[in-house]
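Worksheet: one structure, shown below.
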Amino acid sequence: MTLSVALGPDTQEGTRTGTESSTDSLTAPDIPWNLVIWNDPVNLMSYVSYVFQSYFGYSESKANKLMMEVHKKGRSIVAHGSKEQVERHAVAMHGFGLWATVEKADGGNGGNSRNTGKSGGSGQGKGKRG
């Protein structure tokens, strides 16, 4: 997102109004986020692969690879992007009955993950309390 602000002749130095237009540019950093799908005892492997193909448009080969990673490792990062985009994907996965969470791409579960619902757990970590 880019916000542009310009100081006009009727403004004092250091103050800005909402009607100003262009010169200073403020850019928000785009932090990447991951969509994590977790293994669950309910959904068939073929169904998980089907969801990856139908929702994300992945090839059968890629969908099966990600599904097997979920099955064998317990989780798989199946998509990444802006926080808002990945949260929309997580809501969609919940609609398909899959367990999904959103986490910062660089942080893993080191306190930076965000549970967006249906994780199967209590939502409380076992880390230090502050």
Exercise for review: Just give me the residues in the stretch 92-110 being within 10 Å of the chain's Cα centre (by Cα) and either among the acidic types (Asp, Glu) or not in a strand (DSSP E or B) (or both), in sequence order.
Suggested key: Glu103, Ala105
Point to revise | From Ser76, Ser49, Ser61, residue being of a type in the set (Gly, Ala, Ser), in the same structural domain as Trp99 (by TED's automatic domain parsing), part of a helix (DSSP H, G or I) and buried (at least 16 other Cβ atoms within 10 Å of the Cβ) | key: Ser49
**Study point:** Top-ranked residue of the stretch 89-101 - restricted to ones that are of a type outside the set (A, V, I, L, M, F, W, C) and closer than 11 Å to Tyr55 by Cβ, ranked as surrounded by the fewest Cβ atoms within 10 Å (Cβ to Cβ)
**Key:** Gly95
Practice item. Enumerate the pairs (first residue in the stretch 78-107 and within 22 Å of Pro41 (Cα to Cα); second residue anywhere and among the β-branched types (Val, Ile, Thr) and surrounded by fewer than 17 Cβ atoms within 10 Å (Cβ to Cβ)) with beta-carbon separation below 8 Å, excluding pairs fewer than 6 apart on the same chain, so at least 6 apart or on different chains. Key: Gly97/Val42
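The values are calculated or read from the model by the stated rules, or taken from the named source; none is laboratory data. Note that the structure is predicted; figures quoted are calculated from it, not measured. Positions of Cβ are generated from backbone atoms using ideal geometry, with glycine treated the same way; all protein chains shown enter the neighbour counts.
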